[in-house]
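Structure, as structure tokens:
Values quoted throughout were computed directly from the atomic coordinates according to the rules given, and no laboratory measurement underlies them. Quantities reported herein were computed from a predicted structural model and do not represent experimental measurements.
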């Protein structure tokens, strides 16, 4: 039986706190939470389930969004219609990035932000991210474009940063000659 997750709203103080490194291997409870997140994110991207359970579409979630200050992120990436790749990274670190910056043309959203926020969020076009899988094995991923943006967005949550913190209040939108819009 699927039960939607209770995701904290942007006003909750936990979302502004720095998360703690997690001891490995993960507890049974943390692994269960990861499975619930994966199911929630996947269902949110499949129209019939999103409508049935009144889910806002999302591709990533960090443990602080559930009120847990643990350095764990989950991304469910639909790389082809109906085909998903799950990424679970414990204690993630972005170890390298491109000089090139990008921004999502339509702007970013967040499951903790229940309002429209206008503006472009500058992000690295390509990153390498390392950490551990839920069983404690070292993992490393190279990500580009929208997947790179998603990883950076979720890692920001672990440091108490929300996406709109990175929007320039004086000039919220970039021109295409300033940054590549994707």
Calculate how steeply helix 28-45 sits against the longest principal axis of the alpha-carbon atoms of the chain, using the helix alpha-carbon long axis, and give the answer as 0 to 90 degrees to the nearest 10.
50 degrees
Segment 1-114: antiparallel DSSP beta bridges as a percent of all, rounded to 5
90 percent
Helical contribution to [θ] at 222 nm, DSSP H n ≥ 4, -39,500 (n - 2.57), averaged over the chain, rounded to 500:
-6500 deg cm²/dmol
Report P(r) for the chain: all Cα-Cα distances, bin width 5 Å, range 0 to the bin holding the largest distance, values in whole percent.
1, 8, 16, 20, 22, 17, 10, 4, 1, 0
What do you get for the angle between helix 145-158 and the principal long axis of the chain? Use alpha-carbon atoms, 0 to 90 degrees, nearest ten.
60 degrees
How big is segment 1-48 on each of its three principal axes, counting only the C-alpha atoms and giving the largest first in Å?
36, 31, 16
